[in-house]
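Step one of this worksheet: look at the structure below.
The values are calculated or read from the model by the stated rules, or taken from the named source; none is laboratory data. None of the values given here were measured: they were computed from a predicted structure. Because the Cβ atoms are built from the backbone with ideal geometry, glycine has one as well, and the counts that use them run over all protein chains shown.
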Amino acid sequence: MIYQFRSKAGPDVIMLADLTKRIFDILGRPLDPRGILTVEQLPDLITALETAILKDLEERAKVNEDSENGAEKPKLADRLGQRAYPFLELMKQARSKDEPVMWGV
């Protein structure tokens, strides 16, 4: 399934269900077929996603460090920051222009 996120503050962002589910799990929100992220919710949601991206980067750095020391390198999923960046930017633009982010409409 494909999700299209819209806001008057910026360009639409289209994501596949696997990434959208991963992001919404991080945000602590249910992934409904349609919904809205209100202006009031955006600051906390942005902080949660940025924190998860930093944690992902730290885990990757540790894995790289361990693999350089001879440990077997586990397979990691795609970089969260790279995949979530367009959605994070849309939320930041929406927050700065006091606009909600909607999907499924």
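For the stretch 79-103, how many residues meet the condition of being at pLDDT below 90 and exposed (fewer than 13 other Cβ atoms within 10 Å of the Cβ)?
1
Any idea how many residues of the stretch 12-53 are touching a helix residue (DSSP H, G or I) at 6+ places or on another chain (Cβ under 8 Å) and small (Gly, Ala, Ser)?
Of the residues in the stretch 12-53, 3 are touching a helix residue (DSSP H, G or I) at 6+ places or on another chain (Cβ under 8 Å) and small (Gly, Ala, Ser).
Looking at Val13, Val39, which one is within 17 Å of Gln82 (Cβ to Cβ) and surrounded by 12 or more Cβ atoms within 10 Å (Cβ to Cβ)? If you could, list the steps in order and put the result at the bottom.
Numbers: Val39 fails: within 17 Å of Gln82 (Cβ to Cβ).
Result: Val13 is the single residue among Val13, Val39 that is within 17 Å of Gln82 (Cβ to Cβ) and surrounded by 12 or more Cβ atoms within 10 Å (Cβ to Cβ).
If you take just the strands (runs of 3 or more DSSP E) that sit entirely in the stretch 1-78, which of them hold at least 2 residues that are at pLDDT 90 or above and β-branched (Val, Ile, Thr)? First the steps, then the outcome.
On the way: elements: 2-7, 10-16, 35-37.
So the answer is 10-16.
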